[in-house]
Every structure is written in C-alpha cells, then in structure tokens.
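Colleague: One structure follows; several queries about it will come next.
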Amino acid sequence: GEARRALLVDVGTAKGRSSMPKKGVKRPLGAPPTNEELSAYSETELLYKSNLFRLSTAELIKEVVPPQSSQLEVAVRALRGEILSLPPAELSWEDRGIGKPPLVSHAELSGLRLANHKVSLPWAPPEHVELIGSYLLRTVVRPSLDVDVAVRIPRACLLSKDYLDHRYVDKRQLYLAHLGAQLAKPSAATAATAAATAA
C-alpha cells in the first residue's frame, strides 16, 4: 500500500546519491528534493558520470587515507627536539688524489664526493626544523607513511661567497651527512621517537 510505495521511493532516492543527509527520515511521496540532494545529483552527473563510480571512489579514499595519529605527532616533536639539541662540530673534507680516500674529520664524510679540493664547515644545529610535504598537507596515503622534514642551515655555517664554485652544495652535503649520522646514533630521544612511532 501507501507504506510500501513510500519505502520504494526512499530506497530509490538512497541509490541516487552517495550519502543521505538525514538517515532514517522518510520523504513524503512527491516531495521536491532538498538542496543537498540536488547538489549530490549534479556532482555525480558532472564529476563521476556514475553513482557506482562515486561510491567506489569514496570507499577507496577511506582505505588509503591514514587515521590521524597522536603518536606520530609525538614522534615528530621528539625528532625535532633531538635535532635542535645536537652538539656543534668542526667538519672538514680534503681530496688526496685519485685512488686515495679523502682526509675527513668524521667517518661519515668519507663516502662523499665533493666538487672542491678542500671543504670545511663549522657545523651547528639547524635554525629551523619544519614539516613539509604530503603529511603536512594531509594528503599522505597508506601503506607508506612518509613524513618530510626540512632543516635550515644556520647563517653562521656559511660565508657570503659560498655561492661560487659549488661551495654551498659541498657544504650542504657535509651538513646533511653529519646530521644523518648523528640521528642514526642511539639516544634517549631517538628511542622515545621509535617507541612513539611503534605505539
């Protein structure tokens, strides 16, 4: 009867859009569509061409978008604190000719190949440590959760003429090689970061 026709209308309306504005509310037979329904209809017609494709897209987004994790936020803050608390150092790299390993102040610099014959750098913790990339924009997707971090080399580490002869590029390599080696060492802060990430 009348109840059956109202139920059929309600089911047909639910199939025609991806999400119902008000669940469980039956529309009277012949009632005009709401603004939300009209918007969903036009969006499906213009963007998706098919309601099934729209539903598939919505389900795919649910599967690949990671949940916002407070543990990851704690890990990123711990990493920032670890980077800013690193001790200063005097770095040097000198080429000793073909077939000979370079003369370096720290072991992590021995694998570098620099443009200049001799490079030195007074290493200091970064001026700024900032989140960048897809995680910051909330566009990172599963299964790989990558967090990009940008560090700014302090002005005290560079000279005004370092833009010449690839000096800045060489010093940047020294800076990042030492930073990576320091972060790879076990410490209380990095252990806390690993624990927060694993939680």
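Colleague: Which of the residues spanning the stretch 75-113 are open to solvent by less than 40 Å² (accessible area, probe 1.4 Å) and in contact (Cβ under 8 Å) with a residue 60 or more places away in the chain?
Modeller: 75, 76, 78, 81, 82, 83, 86, 89, 91, 93, 109, 112
Colleague: May I pose another question? Filter the stretch 157-199 down to residues that are assigned to a helix (DSSP H, G or I) and either surrounded by 13 or more Cβ atoms within 10 Å (Cβ to Cβ) or at pLDDT below 90 (or both), then give me how many there are.
Modeller: The total comes to 29.
Colleague: Which of the residues spanning the stretch 67-111 are basic (Lys, Arg) and in a helix (DSSP H, G or I)?
Modeller: 77, 80 - these are the residues of the stretch 67-111 that are basic (Lys, Arg) and in a helix (DSSP H, G or I).
Colleague: Sticking with this structure for a sec: Counting just the residues of the stretch 112-141 that are within 17 Å of residue 91 (Cβ to Cβ) and in a strand (DSSP E or B), which one comes out farthest from the chain's Cα centre (by Cα)?
Modeller: The residue in question is 118.
Colleague: So residue 56 ticks every box in (1) open to solvent by 70 Å² or more (accessible area, probe 1.4 Å); (2) modelled with pLDDT of 70 or more; (3) in a helix (DSSP H, G or I); (4) not hydrophobic (A, V, I, L, M, F, W, C) but one. Which box is left unticked?
Modeller: The number of the failed condition is (1).
The values are calculated or read from the model by the stated rules, or taken from the named source; none is laboratory data. Note that this is a predicted model, so its numbers are computed, not measured. Quick reminder, even Gly has a Cβ in these numbers, built from the backbone with ideal geometry, and neighbours come from all protein chains shown. Quick note on the areas: whole protein, heavy atoms, side chains included, nothing else; ligands and nucleic acids left out. Shrake-Rupley method; radii C 1.70, N 1.55, O 1.52, S 1.80 Å.
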